[in-house]
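Undergrad: Can you keep this structure in mind? I'll have questions shortly.
The values are calculated or read from the model by the stated rules, or taken from the named source; none is laboratory data. Just so we're clear, the structure is a prediction, and the values are computed from it rather than from any experiment. Cβ atoms come from the backbone with ideal geometry, glycine included; neighbour counts cover every protein chain shown. Heavy atoms of the whole protein, side chains included, go into the accessibility calculation; ligands, DNA and RNA do not. Shrake-Rupley method; radii C 1.70, N 1.55, O 1.52, S 1.80 Å.
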Amino acid sequence: MNSGLYKIEGAGNDFILGVGTWARRLVGEPDLVQRLCDRRRGIGADGTLALEALGRDRVRLTYRNADGSVGAFCANGTRCAARAAVEFLGADSRLAVETGWAEIPAEVDGSRVSLEIPAPETSPRYPEITAPKGATALCLMKIGVPHLVVETEGLADLDLGLIAPPLRHHAALGCEGANVDFYAVAADGTLQVRTWERGVEGETLSCGSGMVAVALVVMAGNGTREAELFPISGDRLTVEALGEPPVCATRLAGPTRLVAKLEPLEDLLHGL
């Protein structure tokens, strides 16, 4: 098996991905994950992807957030893992990715990768949370991990560092809280999305499962089966409903990019 450490990103959601020996280290060393993901003193990433080949058409993915915690699911990370499986492990272009949440069918077409994502685990819930100024329709969805979906005005001008943390940690969301996805519908019908992510504890350039959560809420409201979404990275993602929204499987598609092969030095690896 090849062994290597790589930087990869999906629609601006960036990751450090390991195969072989590096995959085992990313699984077993959360402190190393924190050091690698540190944007000031490390390499910088939203999380890590540990990839293990189980056959030509199947891989296992273990995802850790930038703080070292294990995440059950990361949609953009899963898309990146599928691309890496084809590029680095010789996997088929149609394959299954075993995640901490579910087995996810994936298809790799060059740099564009699509996933078939299972239906949300529960129906949407509307927690008793006071909406921030300009925000409406707070809806809690679970796409492997919880997402609080917030329709809002003035999306580009929101100070997420101010308004997102109280929502992310709100008692009504349980002890683990939720990712928070703010969205607005543009004049052309596309969806503009900004996300504050758990485990990163900050805004990321894109969140794939957040895109799915937003799309399901919007499609349920307007009776459509397709949505075109743009996170703040400016990349285009699409979500197609494979049933009746909001509780149905979906197909998420978007770009991925291989950035670099990494060779961390001893000071970083050992936390010197």
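Undergrad: When you go through Ala156, Ala131 one by one, which is the residue that is open to solvent by 30 Å² or more (accessible area, probe 1.4 Å), under 23 Å from Cys175 (Cα atoms) and not in a strand (DSSP E or B)?
TA: Ala131
Undergrad: Being open to solvent by 40 Å² or more (accessible area, probe 1.4 Å), touching a Lys or Arg at 6+ places or on another chain (Cβ under 6 Å) and either farther than 18 Å from Asp57 by Cβ or part of a loop (DSSP other than H, G, I, E, B) (or both) narrows it down to one residue among Glu121, Glu107; which is it?
TA: After applying the criteria, what remains is Glu121.
Undergrad: While we're on this one: Among the residues of the stretch 221-236, write down those that are assigned to a strand (DSSP E or B) and open to solvent by 70 Å² or more (accessible area, probe 1.4 Å).
TA: Glu226
Undergrad: For the structure I just gave you, tell me whether Cys207 is open to solvent by less than 20 Å² (accessible area, probe 1.4 Å), hydrophobic (A, V, I, L, M, F, W, C), at pLDDT 95 or above and over 18 Å from Gly77 (Cα atoms).
TA: Working: open to solvent by less than 20 Å² (accessible area, probe 1.4 Å): yes; hydrophobic (A, V, I, L, M, F, W, C): yes; at pLDDT 95 or above: yes; over 18 Å from Gly77 (Cα atoms): no.
Answer is no for this residue.
Undergrad: Have a look at Val239, Val247, Val259, Val185 and point out the one that is out of contact with any Phe, Trp or Tyr (no Cβ under 6 Å at 6 or more places or on another chain), surrounded by fewer than 17 Cβ atoms within 10 Å (Cβ to Cβ), β-branched (Val, Ile, Thr) and without any contact (Cβ under 8 Å) to a residue 40 or more places away in the chain.
TA: Exactly one residue qualifies, and that residue is Val185.
Undergrad: Hey, another quick one. Scanning the stretch 79-121 for residues that are of a type in the set (S, T, N, Q) and in contact (Cβ under 8 Å) with a residue 40 or more places away in the chain, which turns out nearest to Val214 (Cα to Cα)?
TA: Ser114
Undergrad: Okay, next question. Regarding Val193, is this residue within 25 Å of Thr250 (Cα to Cα), assigned to a strand (DSSP E or B) and open to solvent by less than 30 Å² (accessible area, probe 1.4 Å)? Give the derivation first.
TA: Numbers: within 25 Å of Thr250 (Cα to Cα): yes; assigned to a strand (DSSP E or B): yes; open to solvent by less than 30 Å² (accessible area, probe 1.4 Å): yes.
Taking the combined requirement at face value, the residue satisfies it.
Undergrad: Please state which one of Thr195, Thr190 is of a type in the set (S, T, N, Q) and touching a Ser or Thr at 6+ places or on another chain (Cβ under 8 Å).
TA: Thr195
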